[in-house]
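Undergrad: Here it is: the structure, laid out below.
What follows draws every value from the coordinates through simple rules; no lab data is involved. Please read these numbers as outputs of a predicted model, since none were measured by experiment. Cβ sites come from the backbone with ideal geometry, for glycine too, and all protein chains shown count toward neighbours.
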Amino acid sequence: MTETQQSNPSRRALIGWGGAGLALGAAVAGGAVAMAQSGEDTDPVADAMGGAVEFHGAHQAGIATPVQDRLHFAAFDVKTDDREAFVQLLKDWTEAARRMTAGKPVGEGAYGGLAEAPPDDTGEALGLKPSRLTLTIGFGPSLFDRFGLKDERPAALVDLPKFPGDNLERSRTGGDLCVQACADDPQVAVHAIRNLARIGFGKVAVRWSQLGFGKTSSTTPGAQTPRNLFGFKDGTRNIAGTETDRLDKHVWVGAGDGPDWMTGGSYLVARRIRMNIETWDRASLQEQEDVFGRDKREGAPVGKAKEHDEPFLKAMKPDAHVRLAHPDSNGGITILRRGYSFTDGTDGLGRLDAGLFFLAYQRDVRKGFIPLQRKLAAHDALNEYIQHVGSAVFAIPPGVRDSGDWWGRTLFSKEA
């Protein structure tokens, strides 16, 4: 749970996909303003006008980038054993992503081509602004069982252990690849995933996907902190997109951390967290505040007046979420979160299927999410009201440097 910047959603963005979120996994420290790409300041005018986020850079956009309002996340299974065909797909995806993030159609567009052939673009984003669309790709552990990549699997790309309380659904877990599409217009995000899936037909297939709204984390801590579906501000001190020192320390993979192809990349943990909101809604206000360790009105830590006042952790209940997740309680463990809320109909028992789609980026999963989640799973009072039902981990390669570069080149090419 971090802070986010207010946006000017389009008419389509008001339609809404799903819940509000918690950054249920960690409290992280943060600071200042945001940027469109790590190392570059955001243009607030472009943001307000639904402008484009730069696709090229040392790091992939969609990590330290100011968090957009909407999410479409998809995990894919690879269906081909042809390495050359898969590499060509990555190149084709990169070119499509380059165009879509700039607000352009894929290929020759949705019309004007051969009437006897399917158009290059599905067309539902025609006339829409880029809406700060970012596309971020990741490689799952199972991908390294293919294409002769076994020796290239980073040691940090570990299979996540089963944590106490996990009730993972196979249909919402794992994946050879992932693509995270974030935008301020939901139709722009869905269009992006749809077109990548279309381009990949026969080579990849969607394993599972998740729509999200109501960003619950932010890389712009100067903005108003969002609230999760439990109504609380949480994670008010996420890493800021401008805090290059902290990004280098906690998020970006450094030289020597592992295989050279991952330098400048990161690691992503994605968790679908079901929130038992009907049970929560019957809890007293005092109990709710004790569970989080913050008051509901201001988001102030126990005994403090303002949200950003330094928390006195010992004043909180021993099992309070903020106390357990705070870096000071975990040897400085810090992750960068980009969580979103979701609502996906009902569970068949008259309850909303709602919760948080938790996204956490870090330099090393073994030193970030895993020890933190072990502690939370064992002791967090919030566990009475939540359950982890989906899970995946991905290696996020470095950014696409220029117009001649492509997603995954550092892994699949001998060139550095």
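Undergrad: Can you give the Rg and Dmax of segment 303-416 based on its C-alpha atoms, in angstrom?
TA: In order Rg, Dmax, the Cα atoms of segment 303-416 give 19.0, 57 Å.
Undergrad: With the chain treated as a Gaussian network of Cα nodes joined by springs under 10 Å, which of D77, D185, D347 yields the largest mean-square fluctuation?
TA: Highest fluctuation of the listed residues: D347.
Undergrad: Work out, in µm²/s and without decimals, the Stokes-Einstein translational diffusion coefficient of segment 207-346 at 37 °C, 0.692 mPa s, Rh from Kirkwood over C-alpha pairs. Walk me through the numbers before you get to the answer.
TA: Details: Rh = 17.0 Å.
Approximately 194 µm²/s, per Stokes-Einstein.
Undergrad: Please list the equivalent ellipsoid semi-axes of the chain, computed as the square roots of five times the alpha-carbon gyration tensor eigenvalues, in descending order and whole angstrom. Don't jump to the answer; show the numbers that get you there.
TA: Working: eigenvalues 222, 106, 86 Å².
Whole-Å semi-axes of the equivalent ellipsoid: 33, 23, 21.
Undergrad: I've got another one for you. How big is segment 68-151 along each principal axis, measuring the range of its Cα positions in Å and listing the largest first?
TA: 45, 38, 16
Undergrad: Work out the length of the dipole vector of the chain about its Cα centre, built from +1 on the beta-carbon of each Lys and Arg and -1 on the beta-carbon of each Asp and Glu, and round it to the nearest 20 debye. Write down the numbers at each step before the final one.
TA: Numbers: 50 positive and 54 negative charges, 125 e Å.
Roughly 600 debye, rounded to the nearest 20.
Undergrad: Could you state the angle between the C-alpha long axis of helix 186-199 and the longest principal axis of the C-alpha atoms of the chain, as a value from 0 to 90 degrees rounded to the nearest 10?
TA: Taking Cα atoms only, the helix is inclined about 40 degrees.
Undergrad: Further, regarding this structure: Using only Cα atoms, what Kirkwood radius does segment 88-222 have, in angstroms?
TA: Working: mean 1/r = 0.0584 Å⁻¹.
Radius from the Kirkwood sum: 17.1 Å.
Undergrad: Dividing the alpha-carbon Rg of segment 220-298 by 2.2 N^0.38 Å yields what? Mind dumping the intermediate values first?
TA: Details: Rg = 17.7 Å, N = 79, 2.2 N^0.38 = 11.6 Å.
Against the empirical 2.2 N^0.38 Å value, I get 1.53 for segment 220-298.
Undergrad: Moving on to the next point. Please report, to one decimal in angstroms, the Kirkwood hydrodynamic radius of segment 155-217 built from all distinct Cα-Cα pairs. Working shown, then result.
TA: Numbers: mean 1/r = 0.0700 Å⁻¹.
With all distinct Cα pairs of segment 155-217 included, I get 14.3 Å.
Undergrad: Further, regarding this structure: Expressed as a whole percent, how much of the Cα-Cα distance distribution for segment 219-262 exceeds 11 Å? Don't jump to the answer; show the numbers that get you there.
TA: Working: 674 of 946 pairs.
Result: 71 percent of Cα pairs exceed 11 Å.
Undergrad: Pairing the Cα long axis of helix 369-379 with the longest principal axis of the chain, what angle in degrees results, from 0 to 90 and rounded to the nearest 10?
TA: 30
Undergrad: Calculate the length of the line joining the C-alpha centroid of segment 369-416 to that of segment 136-203, in whole Å.
TA: Between the Cα centres of segment 369-416 and segment 136-203 lies a distance of 9 Å.
Undergrad: Per Stokes-Einstein, at 10 °C and 1.306 mPa s, what whole-number D in µm² s⁻¹ belongs to segment 286-346, with the Kirkwood radius over Cα pairs as the hydrodynamic radius?
TA: Values: Rh = 12.8 Å.
Approximately 124 µm²/s, per Stokes-Einstein.
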